[in-house]
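Trainee: What follows is a structure written as structure tokens; I'll ask about it next.
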Amino acid sequence: MSGEFEHRNLGMLLLQARESVMGLFRPVLKQFSLTEQQWRIIRELNESEQGEMEIGQIARECCILSPSLSGMLERMEQGGLIQRHRDALDQRKVRVSLTPASRQLVKQISPLVDARYREIEARIGKQALAQVYEMLDGITASLPRPEPEAPAPRGRAARSGRSAGETAQPKSSD
């Protein structure tokens, strides 16, 4: 059926555009054995004014769920890409920064990434790319960004509509 909606599916179009764009960058990331999520983290940390970020801030900016981010940061730390340390003023907070090795990686990868952006400019035009940036900035500024949701429960609890730790309660007779 068509014609039931007044607007095109913006979310789907944005996802399709993302896939088209990332298709240009994935070979570069693969060359350096980086996942898309690792690259988002590295790029955010590299562009951070303080040179470091709190874990929650990384999760929000990179759109990565906290449970996934924890394991990812652990692997990145073991791989020498990031370092974690407690905040000097608030020991409950953990701050993450790039290592010298990952800063060197950024220097190696950035010319290849910039070449991909030049390819995008050549295909759609420099002005069109600037308009895309402006429109996306407007969307993100105008619409609230929800906190990433935890994945839906799996298994029997999901089918019953209860969370994994929840049990069926008898109905009250009031």
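No lab work stands behind these numbers, since they all come straight from the coordinates. Being a predicted model, the structure only gives us computed values, none of them experimental. As a convention, Cβ positions derive from the backbone with ideal geometry for all residues, glycine included, and neighbour counts pool all protein chains shown.
Trainee: Between the alpha-carbon centers of segment 128-147 and segment 1-58, tell me the distance in whole angstrom.
Mentor: First find each Cα centre; the distance between them is then 13 Å.
Trainee: For an R0 of 41 angstrom, estimate the FRET efficiency from the Cβ-Cβ distance between V21 and Q91 and round to the nearest 0.05. Walk me through the intermediate numbers first.
Mentor: On the way: r = 40 Å, r/R0 = 0.97.
So, using R0 = 41 Å, E works out to roughly 0.55.
Trainee: With a cap of 16 neighbouring Cβ atoms within 10 Å, and only residues DSSP puts in a loop, list the chymotrypsin sites (Phe, Trp or Tyr not before Pro) found in segment 1-93. Working shown, then result.
Mentor: Working: sites: F5, F25, F32, W39; in loops: F5, F32.
Sparse-neighbourhood loop chymotrypsin sites (Phe, Trp or Tyr not before Pro): F5, F32.
Trainee: Multiplying the sequence separation of M135 and R118 by 0.36 nm and subtracting their Cα-Cα distance, what value in nm do you get? Please report the intermediate quantities before stating the final value.
Mentor: Numbers: separation 17, 0.36 × 17 = 6.12 nm, distance 1.94 nm.
Gain on extension, M135 to R118, equals 4.2 nm.
Trainee: Another question, then. Fully extended, how many nm does the chain gain between F5 and E49 (0.36 nm per residue separation, minus their Cα-Cα distance)?
Mentor: Numbers: separation 44, 0.36 × 44 = 15.84 nm, distance 4.29 nm.
Length gained between F5 and E49: 11.6 nm.
Trainee: Also, I was wondering about something else. Need one number: nm distance between label points at E74 and K126, each 7 Å from Cα along Cα→Cβ, rounded to one decimal.
Mentor: Going from the E74 label point to the K126 one covers 4.7 nm.
Trainee: Here's another thing I want to ask about it. Give the whole-number value, in cubic angstrom per residue, of the convex hull volume spanned by the C-alpha atoms of segment 28-141. Write out the running numbers ahead of the final one.
Mentor: Numbers: hull volume 14.3 nm³, N = 114.
It comes to 125 Å³ per residue, whole-number rounded.
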